Amino acid sequence: MRKNIVAGNWKMNLNLEEAKSLAGELKAKLDQLKTGLVGDNRSIPEVILFPPYVYVTRILDLFPNYQGLSVGAQNCHHEDHGAFTGEVSAHMIRSVGATHVIIGHSERRSQFGEVDLLLAEKVKQALKHGLTPVFCCGEMLPERENGNHFQVVADQLQKGLFWLDKAQLGRVVVAYEPVWAIGTGVTATPAQAQEMHAYIRQLLSDTYGEAIAQQTSLLYGGSCNAKNAAELFSQPDVDGGLIGGASLKADDFFRIIQSF
Ligand code: PEP
């Protein structure tokens, strides 16, 4: 069965003290949830935190051998090592104990010119070094308005992922993040999210077979918050969320975690 996942993308926010305090608060709440002190502990999703690179080890240190919580990086370089000043490789990220990496976030695509072929190289690096790629796809507003959103997402998946073999694809998490919903306060409706997720799952099934399609976690991202998460996550093909703004507040993020 595929996993439910709630992932927090902290982007370029928080100083170290704030980051530690957010993670610490979250840990206290998760401890209470796991031990049945608060809420319903029957449907706890996997939680993944994506702090800025410089905090990754510090956040990992707060969760030694903690079941169900992972830490990842928000990006990686497409080469193993070398003269790439300012960059961080998948190999380095794995070597400090992180397990996941976001690849293809729309902010990387639009602000840093990351194109599909480069993203495919990053996916290759992540898998080579044992990281789980959380691969983002999603259309811009004019593309949806023109009715091209399915084609845009299909292209991104074709070029970024669909050259992988079955075993490799089985290690990927996909996040559908319509660009018009990211950080805007405009959320896709549950029906819009479900429609696209069902489409992505069908593409996975057509390309890799039904078993892989059914085991791949598909996350929704884009102004998902404590109020709308439950309805989004109740859609049959929405397996959780990649959360930006609302992951910066422990209370809100925890409520999202409890939304299954
Ligand atoms: C994101 O950046 O991945 C994201 C979903 O952001 P937000 O939740 O703030 O829209």
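A short reminder: the numbers here are calculations on the coordinates, not readings from a lab. Keep in mind that this is a model prediction, so the values were computed, not measured. Every residue, glycine among them, receives a Cβ derived from its backbone with ideal geometry; neighbour counts consider all protein chains shown.
Details
- Separation between Cα centres of the stretch 108-184 and the stretch 205-260, rounded to whole Å: 16
- Dimensions (Å) - the stretch 116-260, Cα atoms, principal axes, largest first: 38, 36, 28
- Under 23 Å of direct C-alpha separation, and excluding same-chain neighbours fewer than eight residues apart, K128 reaches these lysines: K3, K159, K166.
- Each of C137, C224, C76 has some number of other Cβ atoms within 10 Å of its Cβ, and from fewest to most they run C137, C76, C224.
- Counting other Cβ atoms within 10 Å as a rough exposure proxy, the listed residues H129, H77 run H129, H77 from fewest neighbours to most.
- In plain terms, the residue of D80, D237 with the fewest other Cβ atoms within 10 Å comes first and the most crowded comes last, giving D80, D237.
- Legend: translational diffusion of the chain by Stokes-Einstein, Rh = Kirkwood radius over C-alpha pairs, 20 °C, 1.002 mPa s; D = 117 µm²/s.
- Taking other residues whose beta carbon is less than 14 angstrom from the beta carbon of A98, and scoring Lys, Arg as +1 and Asp, Glu as -1, yields +1.
- Considering only alpha-carbon pairs that sit under 8 angstrom and 6 or more positions apart, the relative contact order computed for the stretch 5-257 is 20 percent.
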